[in-house]
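This report concerns only the one structure given below.
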Amino acid sequence: MESSFTEYKKHFLKIMRRFWIVFISFGLWACLALGGTVLAAEDPMAAAGILQAKTTVDAPDFMLEDLSGQKVSLRDYQGQVVLLSFWATW
C-alpha cells in the first residue's frame, strides 16, 4: 500500500499538469486573439498609435571619437538605425 505522501504527490502532479495545459492554452488563445487585431490592420504602426512623419530631414553629419580614439562619422552608419546617448556628469 502506498503512503499518503505518495498519493498526495501523484494527485498534486495531476493537478499541476492540468493547470499548465489550461494556462498554455489560454496564453495561445490570448496571443492569437490580441495579435490578430494588429495583423488585421492595414498599417500596424497606425494601429499601435505611432504616426509616421510627413516629411523627413537628414541628420547633419558630424564626427566623434569612439572609446578607442578613432574618428567615427555619422555618415559611416547611413541607412542604419543609430541611437545617440549624450551623457554628462556636471
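The values are calculated or read from the model by the stated rules, or taken from the named source; none is laboratory data. This structure is a prediction, so every number in the text was calculated from the model and none was measured. Backbone-built Cβ (ideal geometry, glycine too); neighbour counts: all protein chains shown.
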- So which of 23, 86 is modelled with pLDDT of 80 or more and either part of a loop (DSSP other than H, G, I, E, B) or under 26 Å from the mean Cα position of the chain (by Cα) (or both)? 23
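Return yes when residue 70 is under 28 Å from the mean Cα position of the chain (by Cα) and modelled with pLDDT of 85 or more and no when it is not.
no
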- Would you check which residues across segment 39-67 are acidic (Asp, Glu) and either under 27 Å from residue 86 (Cβ atoms) or at pLDDT 80 or above (or both) and list them? 58, 61, 65, 66
